[in-house]
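The values are calculated or read from the model by the stated rules, or taken from the named source; none is laboratory data. Everything numeric here is computed off the predicted structure, so don't read it as measured data. So basically every Cβ, Gly included, is an ideal-geometry build from the backbone, and we count neighbours across all protein chains shown.
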There are 4 protein chains.
Amino acid sequence: MIEAALFGAGRIGKIHAANLARQSGVRLKYVVDVHADSAQALAQQHGASVTSVEAALADPAIGAVLIASSTDTHADLIVRAAAAGKAIFCEKPVDLTLARARAAADAVRQAGVLCMIGFQRRYDPTFAAVKARLQAGEIGVPEVLNVTSRDPGAPPVSYIKVSGGIFKDMLIHDFDICRWILDDEAASVYATGSCLTDPAIGEAGDLDSAVVTIRTRGGRLCQINASRRAAYGYDQRFEILGSAGMLQAGNHKPTEVTAYTALNVSQDKPEHFFLERYRAAYADEIAHFFDAMINGTPLRTTVDDGLKALELAEAATTSWREKCVVNL
Amino acid sequence: MIEAALFGAGRIGKIHAANLARQSGVRLKYVVDVHADSAQALAQQHGASVTSVEAALADPAIGAVLIASSTDTHADLIVRAAAAGKAIFCEKPVDLTLARARAAADAVRQAGVLCMIGFQRRYDPTFAAVKARLQAGEIGVPEVLNVTSRDPGAPPVSYIKVSGGIFKDMLIHDFDICRWILDDEAASVYATGSCLTDPAIGEAGDLDSAVVTIRTRGGRLCQINASRRAAYGYDQRFEILGSAGMLQAGNHKPTEVTAYTALNVSQDKPEHFFLERYRAAYADEIAHFFDAMINGTPLRTTVDDGLKALELAEAATTSWREKCVVNL
Amino acid sequence: MIEAALFGAGRIGKIHAANLARQSGVRLKYVVDVHADSAQALAQQHGASVTSVEAALADPAIGAVLIASSTDTHADLIVRAAAAGKAIFCEKPVDLTLARARAAADAVRQAGVLCMIGFQRRYDPTFAAVKARLQAGEIGVPEVLNVTSRDPGAPPVSYIKVSGGIFKDMLIHDFDICRWILDDEAASVYATGSCLTDPAIGEAGDLDSAVVTIRTRGGRLCQINASRRAAYGYDQRFEILGSAGMLQAGNHKPTEVTAYTALNVSQDKPEHFFLERYRAAYADEIAHFFDAMINGTPLRTTVDDGLKALELAEAATTSWREKCVVNL
Amino acid sequence: MIEAALFGAGRIGKIHAANLARQSGVRLKYVVDVHADSAQALAQQHGASVTSVEAALADPAIGAVLIASSTDTHADLIVRAAAAGKAIFCEKPVDLTLARARAAADAVRQAGVLCMIGFQRRYDPTFAAVKARLQAGEIGVPEVLNVTSRDPGAPPVSYIKVSGGIFKDMLIHDFDICRWILDDEAASVYATGSCLTDPAIGEAGDLDSAVVTIRTRGGRLCQINASRRAAYGYDQRFEILGSAGMLQAGNHKPTEVTAYTALNVSQDKPEHFFLERYRAAYADEIAHFFDAMINGTPLRTTVDDGLKALELAEAATTSWREKCVVNL
């Protein structure tokens, strides 16, 4: 029986706790959160108890920690959990600064512990199927990737101010998709963007609409477009052109109803937001983490993946600010 | 806290047990099955104990019974559970004979207990959305309904021999869809069919391909086509033409991948079979049953619905055998 | 150079004249119409002259006649054109009565002339592709056919009164599709229907909503549903289940625009009506007719096909009126 | 009656001649081509005669010239036709060099003649519908445009060597789409690309895979991706995100057949290449040209549009070669 501690009892922490509860051979022992009430409520729901980070890491019965607390705590918790010899699951991003993220990655390497970063999109049934079919050679060699990544609406400006900016906060996922699907590292990055949906985002020094071009070492091409606001909801698609065809990953819909009226023929909008769209992905990533712990399955999203995506986000931010192409 | 007994620990019994476990305020106390091992395994998984029908019905702590045992036991168990004053959830069909089904419905009526029949398709997100939009008037008054109902492959002939025939075993669901969507009762039924996929089915006195036409009292029209075998998998669709448009309920797909090759543009086949396609429906019907028990929400699929669908199956069987139109 | 006479300068006559003009080696010499103005206008547009039926048939230079005049003239014109040794293209139906239609077919047979009936749907690119792929064995042996056939709105009641009824006027096309796709003749026909869209249609002794079931000699099954009114436009689809899969023929859309809004994801309604949907089919059938004349290509839609479809329409009418199954 | 001269009797010249023949009030008088046989054949087919450029331009009866000869002749023919006071329809591009293109535009301006550039995509029913719905405000203010533009296969390397490169030869259309859909001029252009499909293209100094990012003066964003080779055929799509939704222009398919097999659910690939996909567009652009001549309708694709698209192609070429962002 693996006993686990969960750091963070917020929205995503609750999802991880529920998915953890479905793993056989795994038990949630502790919940830690700066908000005592949240910690208490979630602990009670899962038969766990509330404790502190120190106590959780000091308990030799704890084999795994799940880090779902605020971004600024990730790197420090990784370092401490690694030192304590725990297997680590950590939400993206590793950190907003490359230096701290590298330190966390170093700590993991030195400790020789498992450390999985929660790039949940790789576990989405549709995205994972594209990757599997690509690897099976269905469309030959990958050439050009196009990624569309749009939220239904922007978070509060107060959040945007501490988010690290659109490239680190939002496109970090898309940079990971780029590396994963093209199976190649970036040689150059170009990014630009605008503030088109809410001037307050621009005043906070950020963009709400961003486009990025990545050329890989092997000459493969990737275009990413992202927006903080799509009137029709959460838009999460990509398409990969290969030498023998193309694979598209499309949006998921709540139902398969088609309506024919005097006006048009319509179907449902995409599923509303990430909690709906990536419900299966969140379940699968937690299953994968414990599968890696129990059966030694190689981790599919490591702390190095977290680091590499952050390097791309950093490069894109520089490209945008300095209006130039950044070579890596 | 509602305590429940489950009769039947087979494939569908396991699904109900898992869904029951997610209801708050509900606990599975007993599992009953003629196969002691199956009962024991399922009971253990859910912290329940194994007992007999008699003991379960005699226990005053039991508020609800879920009947998921073989078809020939349904009517008898309904009668006994009703006599014991339990709320009843029973898999379709109520029985293969109208007389016994009517007796069960009478027992429920006399006892004044809740009795829900597991027409799970009404709880499917896509089907339920069509019904809700129809009721909201989105396509005006319903006129013509077309139902396609195909299994990926036929069950063993040994099962077909005791199944009651394709109309009672398979189209019973589609007859319920007809009544539910057209919101009208049948005035006439015409059925015909063929044995096209496996001669052994014909030798067993049954059809593997059947088509039914229902004209309702209000003149609405319904066509159903069913097959025991579709090479591309489980095909569960219907479309309803109304005075102001049409609503289609389509199949669900495992992923939203589209592949473009030199050959064609392709997507996934429909989800394989009923366990995949109606996963959400099975969960929602159990939630609805306990919601009805706890909050008094009116049952959406009653024992009378079970009876009416069986009457249509009986009429269709007669129409096919006697090559005539059956008026109701 | 083949010289042709066109009987009928109405809506469909104009289409045939335009398509004829695109055939190399073919020239429109005469236009005949009871409305002198219509005849004159169309003749002028195509460099033809106006004449009478007698004169046209008496002109030995005329190799082909195209009959696009009113239904009640078809059989008589076929008989006379056959006697004059002309190749004949005639709009559906051959006639509204079986006796006259059979007489026309006999005349064609005796004269040994070409006689093609304008079942244009067989020449529709989508429908023709389904047939070709079916013949290529792509889905194995055909088993069950479902045909949906809906007009955007009913014609005037004055037309309905002389139309021969919905089965001869509208479903005649669908009966032809049934014979063509299943490649088998009907053994039994069952039809029913209602008047749901306009009481005046019922008062005229007709239906506006009809459903038909055909079982072929080989046990194949066909369901047809037809309506005089679909709020979303012209609906012309069919799907054929075979032992190895299914082929669907879908509607054509004016454009390939998809709109995503806060409400839904929508596309165009189907092309409005038969002139739009079957534009390519009308062109291809005329090309086929002259190809048969010039190169001896076997006719794909003969006067016998016209006869057989009419027999099915007659049987369906009887089935509906007498509320019984009609065996053929 | 407008009399017209056609310069160029090749593939595209034949299409223009056929479309011209359908315009009422217009007659093709002359065909000019350096290949006498081609000129003769096309002239004969349309009742025109063969002549020289000089003679055609000297004939005062000629009101319009259609320039469909090789790219290197366009600018010179525009200048001469403008001087002769003829209305001009010219295939894209105006020229491969900005200087000559500007000279042609100047000549048109000074002569005050009509000059339409054949950006036929603007006349495609799907693309034109997106533009119309955008102008009608259906998705609010345009923000982000994504254009996919892929050929089924590369032209011979001998052609590529004189083509002006992928940006002037192929993306010129996409640059026009960008200006047309965003209704804004470029402020900066970034382009990169690779040679991924055929090394011979790279050896010829060109790319076969290119991606471009345009930021407009108003901050709108455009991403274009283009490839000389898509295994699945001609891929011509774009999608425009607006403040209130998104409009997608999709590919056209030859038929509306859907096939369900044990493998998958498939539809047709896109129409093969530009002659199929833009058949309606070519017809509509010629109708528009003569409508502008006859009725004074404002031209929708002027010589200035030709110039502006060329400026973007030039900027993209520079960006790619110098690996920098080009500001305009």
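Could you check segment C:270-281 and list, in sequence order, the residues that are over 17 Å from the mean Cα position of the chain (by Cα) and over 15 Å from residue C:149 (Cα atoms)? Even if it seems obvious, please write down each step before you answer.
First, pick out the residues of segment C:270-281 that are over 17 Å from the mean Cα position of the chain (by Cα): C:270-272.
Those that are over 17 Å from the mean Cα position of the chain (by Cα) and over 15 Å from residue C:149 (Cα atoms): none in segment C:270-281.
Somewhere in segment D:106-125, is a residue polar (S, T, N, Q) and touching a His at 6+ places or on another chain (Cβ under 8 Å)? First the steps, then the outcome.
Here is the first cut: in segment D:106-125, the ones polar (S, T, N, Q) are D:110, D:120.
Next cut, touching a His at 6+ places or on another chain (Cβ under 8 Å) only: none.
The answer is no, given that none of the residues of segment D:106-125 is polar (S, T, N, Q) and touching a His at 6+ places or on another chain (Cβ under 8 Å).
Just wondering, is there one or more residues in segment B:168-175 that are of a type outside the set (Ser, Thr, Tyr), more than 30 Å from residue A:264 (Cβ to Cβ) and within 13 Å of chain C (Cβ to nearest Cβ)?
Quick first cut of segment B:168-175, residues of a type outside the set (Ser, Thr, Tyr) only: B:168-175.
Next cut, more than 30 Å from residue A:264 (Cβ to Cβ) only: B:168-173, B:175.
Filter once more, keeping what is within 13 Å of chain C (Cβ to nearest Cβ): none.
Within segment B:168-175 (the criterion being of a type outside the set (Ser, Thr, Tyr), more than 30 Å from residue A:264 (Cβ to Cβ) and within 13 Å of chain C (Cβ to nearest Cβ)), the answer is no, since none of the residues qualifies.
Within segment C:10-18, identify whether any single residue is in a strand (DSSP E or B), closer than 23 Å to residue C:164 by Cβ and not assigned by TED's automatic domain parsing to the domain that holds residue C:280, and answer yes or no. So that I can check it myself, show each step before the final result.
So in segment C:10-18, the residues in a strand (DSSP E or B) come out as none.
There is no residue in segment C:10-18 that is in a strand (DSSP E or B), closer than 23 Å to residue C:164 by Cβ and not assigned by TED's automatic domain parsing to the domain that holds residue C:280.
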In the set B:95, B:37, which member is of a type in the set (D, E, K, R), under 23 Å from residue B:175 (Cα atoms) and either at pLDDT 95 or above or part of a helix (DSSP H, G or I) (or both)?
-> B:95
Checklist (1) away from chain A (no Cβ under 13 Å); (2) not in a loop (DSSP other than H, G, I, E, B) applied to residue D:155, failing item = (2)
Filtered residues of segment C:240-254 (kept if under 18 Å from residue B:223 (Cα atoms) and surrounded by fewer than 21 Cβ atoms within 10 Å (Cβ to Cβ)) = C:248
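Go through segment B:228-259 and count every residue that is assigned to a loop (DSSP other than H, G, I, E, B), within 10 Å of chain A (Cβ to nearest Cβ) and either in contact (Cβ under 8 Å) with a residue 24 or more places away in the chain or over 29 Å from residue A:236 (Cβ atoms) (or both). Walk me through it before giving the result.
Step one: filter segment B:228-259 for residues assigned to a loop (DSSP other than H, G, I, E, B), giving B:228-234, B:243-244, B:250-256.
Now restrict to residues that are within 10 Å of chain A (Cβ to nearest Cβ): B:244, B:250-256.
Now narrow it down to the ones that are either in contact (Cβ under 8 Å) with a residue 24 or more places away in the chain or over 29 Å from residue A:236 (Cβ atoms) (or both): B:244, B:250-252.
Qualifying residue count, segment B:228-259: 4.
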Condition test on residue A:36, is it surrounded by 19 or more Cβ atoms within 10 Å (Cβ to Cβ) and either aliphatic (A, V, I, L, M) or within 14 Å of chain B (Cβ to nearest Cβ) (or both)?
-> no
Based on what the data block shows, is residue A:144 hydrophobic (A, V, I, L, M, F, W, C), surrounded by 14 or more Cβ atoms within 10 Å (Cβ to Cβ) and either away from every other protein chain (no Cβ under 14 Å) or closer than 23 Å to residue D:246 by Cβ (or both)?
-> yes
Residues of segment D:98-137 satisfying the condition of being within 14 Å of another protein chain (Cβ to nearest Cβ), farther than 13 Å from residue C:255 by Cβ and not in a helix (DSSP H, G or I) = D:136, D:137
Filter result (within 7 Å of another protein chain (Cβ to nearest Cβ) and under 28 Å from residue D:200 (Cβ atoms)) within segment D:217-227 = D:223, D:225, D:227
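When segment B:272-301 is examined, which residues are found to be assigned to a helix (DSSP H, G or I), within 17 Å of residue B:235 (Cα to Cα) and of a type outside the set (Gly, Ala, Ser)?
In the first step, residues of segment B:272-301 are kept if they are assigned to a helix (DSSP H, G or I); the result is B:274-277, B:279-295.
Still in the list and also within 17 Å of residue B:235 (Cα to Cα): B:274-277, B:279-281.
Of everything in segment B:272-301, those that are assigned to a helix (DSSP H, G or I), within 17 Å of residue B:235 (Cα to Cα) and of a type outside the set (Gly, Ala, Ser) turn out to be B:274, B:275, B:276, B:277, B:279.
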Can you name every residue in segment C:62-76 that is surrounded by fewer than 24 Cβ atoms within 10 Å (Cβ to Cβ), β-branched (Val, Ile, Thr) and not in a helix (DSSP H, G or I)?
-> C:62
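Please indicate, with yes or no, whether at least one residue in segment B:255-265 is within 26 Å of residue B:182 (Cα to Cα) and either buried (at least 19 other Cβ atoms within 10 Å of the Cβ) or at pLDDT below 95 (or both). Before the answer, list the steps.
Initially, segment B:255-265 is screened for residues within 26 Å of residue B:182 (Cα to Cα), giving none.
Checking segment B:255-265: not a single residue is within 26 Å of residue B:182 (Cα to Cα) and either buried (at least 19 other Cβ atoms within 10 Å of the Cβ) or at pLDDT below 95 (or both).
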Matching option when the condition is under 26 Å from residue D:275 (Cβ atoms) and either surrounded by fewer than 21 Cβ atoms within 10 Å (Cβ to Cβ) or of a type in the set (Val, Ile, Thr) (or both), among D:108, D:31, D:79, D:113 = D:31
Taking segment D:130-187 as the region of interest, how many residues are touching a Leu at 6+ places or on another chain (Cβ under 8 Å) and of a type in the set (Asp, Glu)?
-> 3
Does segment C:29-49 hold any residues that are touching an Asp or Glu at 6+ places or on another chain (Cβ under 8 Å) and among the aliphatic types (A, V, I, L, M), and which are they?
-> C:39, C:42
Note on segment C:161-176: residues closer than 12 Å to residue C:96 by Cα and in a helix (DSSP H, G or I) are C:162, C:166, C:167, C:168, C:169, C:172
Please work out which residue is nearest to the other protein chains (Cβ to nearest Cβ), limiting yourself to segment A:276-317 and to residues that are among the hydroxyl-bearing types (Ser, Thr, Tyr) and crowded, with 16+ Cβ neighbours inside 10 Å.
-> A:278
Only one of (1) on the phi < 0 side of the Ramachandran plot; (2) more than 13 Å from chain B (Cβ to nearest Cβ) does not apply to residue C:164, and that is (1)
Take the residues of segment B:186-227 that are in contact (Cβ under 8 Å) with a residue 60 or more places away in the chain and not in a strand (DSSP E or B): which is nearest to residue C:224 (Cα to Cα)?
-> B:220
